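Have a look at the structure below, then the notes.
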Amino acid sequence: MFLFQWFLFGWHVWRGETGAGYRFKITLTRKGIPEGSGIYIFVRRRFGFFLEPLYIGKATSFRSRLYGHERWWEAWWKRGATERHVLLVRTAAERARIEEDLIRRYQPLMNDMLVPRGALDMPSNAKLRRAWRWRQWWKNLFRLPFGGGNRLA
């Protein structure tokens, strides 16, 4: 029974585009929503353990934001969301950075603002932009000059 409770009400680590891991608490009910601010994810669970993020957002107050969220009905009714994952984050700058990092990695169906439009679309957050440029530099370092690909200048 303990394993089943941990599996449904425990923790899950979501990794961002930069590779950083963020440990989210899984909540299925209103009682599981903590007080405070942070990042939340509407998740669809398939076959027990395949998790698919449908919507990633940030909130200054979880209680006021998630109780009457305008996208929860669509996520639950139309897209089959089964749970919410929440991560407490205190500062607004960190919330914006983590939200963009996760959206760029998973590109959820219901998010459209921060999803990259192409392979060379840089993040808007300065810290993420530095990490993105570093990864692009390493990718292009090992690409052959006559390989026919687009090289960053």
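The values are calculated or read from the model by the stated rules, or taken from the named source; none is laboratory data. Quantities reported herein were computed from a predicted structural model and do not represent experimental measurements. Virtual Cβ from ideal backbone geometry, glycine too; neighbours counted across all protein chains shown.
Details
- All conditions in (1) surrounded by 16 or more Cβ atoms within 10 Å (Cβ to Cβ); (2) modelled with pLDDT under 80; (3) of a type outside the set (S, T, Y); (4) in contact with a Gly (Cβ under 9 Å, 6 or more places away or on another chain) hold for R104, with the sole exception of (2).
- Of the residues making up region 7-46, those that are among the aliphatic types (A, V, I, L, M), assigned to a strand (DSSP E or B) and farther than 16 Å from I98 by Cα are I26, V43.
- Residue match in region 49-60 (condition: at pLDDT below 80 and over 11 Å from the mean Cα position of the chain (by Cα)): yes
- In region 11-48, the qualifying residues are those that are more than 12 Å from the chain's Cα centre (by Cα) and aliphatic (A, V, I, L, M), and the one that is modelled with the lowest pLDDT is L28.
- Residue among V115, V89 that is closer than 23 Å to R129 by Cβ, β-branched (V, I, T) and at pLDDT below 85: V115
- Of all residues in region 70-84 being more than 21 Å from F49 (Cα to Cα) and over 17 Å from the mean Cα position of the chain (by Cα), the one that is modelled with the lowest pLDDT: E70
- In this structure, A81 does satisfy being part of a loop (DSSP other than H, G, I, E, B) and touching a Phe, Trp or Tyr at 6+ places or on another chain (Cβ under 6 Å).
- Subset of region 14-65 (residues that are aromatic (F, W, Y), over 18 Å from N125 (Cβ atoms) and surrounded by 12 or more Cβ atoms within 10 Å (Cβ to Cβ)): F24, Y40, F42, Y55, F62
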